[in-house]
Amino acid sequence: QEDADGNGIGDVCERAGKHVDLGVTASASPSPVSVSRELTYTLKVIHHGTRDEGNATLFITLPSEATFRSATPETGMCKRYGLRLNCALGKLMAGASKTVSVVVQPTTTGTLTLRAEVASVLPDPVAANNTTTLEVTVRP
């Protein structure tokens, strides 16, 4: 579909006046981290759009070089499937955000890589901000 003003929202959706635009960011503390010390990832799902989303889900791929300790969503729940976390965050109002805290414990030196992707039941015309990758250095 055409996007006359180039803002990433198709003209048909824009005329409707409301759209979903979920994004995800990630941070880690401490960074860098030492082997065997707990590392806390904070993932923030932000709704940049103008239409409420009734079922936001955050998919997190954990680093294989760390032991999973916990996942705590602001609302909803997270289920772990090996190195994958599926966090059902529920309704996300336009302009609002929700966080998920994930704690791991590095098992070796090097680099830990965490990946996250947010998904919406409704179409999200701005896919560029739906994923994030975060690398953290692990020291002895």
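Taking the stretch 43-56 as the range and being in a strand (DSSP E or B) and either under 20 Å from Lys18 (Cα atoms) or without any contact (Cβ under 8 Å) to a residue 60 or more places away in the chain (or both) as the test, the residues that pass are Lys44, Val45, Ile46, His47, Glu53, Gly54, Asn55, Ala56. Within the stretch 28-56, being closer than 12 Å to Val103 by Cα, within 19 Å of the chain's Cα centre (by Cα) and open to solvent by 60 Å² or more (accessible area, probe 1.4 Å) holds for one residue alone: Ser29.
State all residues of the stretch 59-86 that are part of a loop (DSSP other than H, G, I, E, B), under 25 Å from Val35 (Cα atoms), open to solvent by 50 Å² or more (accessible area, probe 1.4 Å) and of a type outside the set (Gly, Ala, Ser); if no residue qualifies, say none. The answer is Glu65, Leu83.
Among the conditions (1) outside any strand (DSSP E or B); (2) under 11 Å from the mean Cα position of the chain (by Cα), the only one that Leu89 does not satisfy is (1).
Do you know which residues across the stretch 32-50 are of a type in the set (S, T, N, Q), under 29 Å from Gly95 (Cα atoms) and touching a strand residue (DSSP E or B) at 6+ places or on another chain (Cβ under 6 Å)? Thr40, Thr42, listed by residue number.
The values are calculated or read from the model by the stated rules, or taken from the named source; none is laboratory data. From a predicted model like this one, the values you see are computed outputs, not experimental measurements. All Cβ positions, glycine included, derive from the backbone under ideal geometry; neighbour counts span all protein chains shown. Please note that ligands, DNA and RNA were not included when accessible areas were found on the heavy atoms of the full protein model with its side chains. Shrake-Rupley method; radii C 1.70, N 1.55, O 1.52, S 1.80 Å.
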